[in-house]
Amino acid sequence: AAHIARHAPATRELVLDDQHALRYLAELITAAAAAGVPPLRWLFAARSDTFLRERPRVEAAITAAAATGATVELYLTGFEAWSDAELARYNKGTTVAEQLAAVAAMRALAANHPRAFAFAEAKGHSLILWNPWTTPRDLAQSIATIRAHRLTELFTELGRNRLRLYPDLPIYYAAARDGALVDAWPDGDHGAGR
């Protein structure tokens with residue numbers, strides 16, 4: 001961070017490419033300020049259940065951000081669906097109720113600490129609105145939950161997210177079984193996921 005601040009002084013935010021940044025986020029912000037790094041937006045990722053379980057660490061990071069003039073933003077949470085059947089299909093290990101509790105906690109923290117915490121500005125949260133096995137009922141449940149709880153604030157281009165199937169995921173084998181794998185996306189995107 002000190003190197004970037006010194007050599008790219010126009011930088012205003014840094015993305016922490018670590019799914020477990022909450023372990024050290026407060027200390028990082030405090031140490032960066034002590035090293036002369038100007039106040040930045042520190043973007044971090046966290047699962048919804050982790051966000052709830054690690055709330056004391058989130059609050060410590062918010063306290064550090066407020067003390068140094070920085071901001072922390074939860075920019076990426078893999079919600080994936082707002083249907084319990086879909087969440088089970090993705091093997092997420094969480095429920096719609098738990099995800100809604102996480103969003104409620106995010107909103108409360110943002111309301112209480114508007115300068116030090118954000119969760120809906122970058123809109124990097126992921127959602128897979130449908131997949132080859134989504135039923136109309138699953139989709140209706142997700143849409144109803146999104147509408148009822150005003151969740152569109154979390155996402156950019158609702159419905160354009162892609163399901164990436166990697167060979168280490170059980171759903172990959174279901175897709176292979178059902179003939180739902182392709183070698184490339186129709187637009188020619190040759191990303192790692194198929």
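Every read-out reported here was derived from the displayed coordinates using simple, explicitly stated rules and does not represent laboratory data. Since the structure is predicted, the reported quantities are computational estimates derived from the model, not experimental observations. Note that we place each Cβ from the backbone using ideal geometry, even for glycine, and neighbour counts take in every protein chain shown.
Annotations
- Acute angle (nearest 10 degrees) that the helix 55-68 long axis makes with the longest principal axis of the chain, alpha-carbon atoms: 40 degrees
- ALA67 paired with ARG6, simple spin-label distance in nm, labels 7 Å along Cα-to-beta-carbon: 2.5 nm
- Tensor-based shape of segment 51-133 (alpha-carbon gyration tensor, a/c under 1.5 rounded, otherwise prolate or oblate): prolate
- Highest mean first, the peptides 141-151, 55-65 sorted by other C-beta atoms within 10 Å per residue fall in the order 55-65, 141-151.
- Acute angle (nearest 10 degrees) that the helix 25-34 long axis makes with the longest principal axis of the chain, alpha-carbon atoms: 30 degrees
- For segment 48-53, Karplus couplings with θ = phi - 60° (6.51, -1.76, 1.60), whole Hz, Gly/Pro x: 5, 5, 5, 4, 5, 5
- CD proxy at 222 nm, helix term only [per DSSP H run n ≥ 4: -39500 (n - 2.57); per residue of the chain; nearest 500]: -12000 deg cm²/dmol
- Förster radius 45 Å - calculated FRET efficiency between VAL182 and ARG115, Cβ distance, rounded to 0.05: 0.50
- The distance linking segment 27-42 with segment 44-118 is 21 Å (Cα centroid to Cα centroid, whole angstrom).
- Residues whose amide H comes within less than 5 Å of that of PHE79, counting only those at least five positions distant or on another chain, are SER126 (H built at 1.01 Å from N in the peptide plane).
- Mean Cα-pair separation over length for segment 54-194, i.e. relative contact order, pairs under 8 Å, 6 or more apart, %: 23 percent
- Placing dummy labels 7 Å off each Cα toward the beta-carbon, the span from ARG23 to ALA85 is 3.8 nm.
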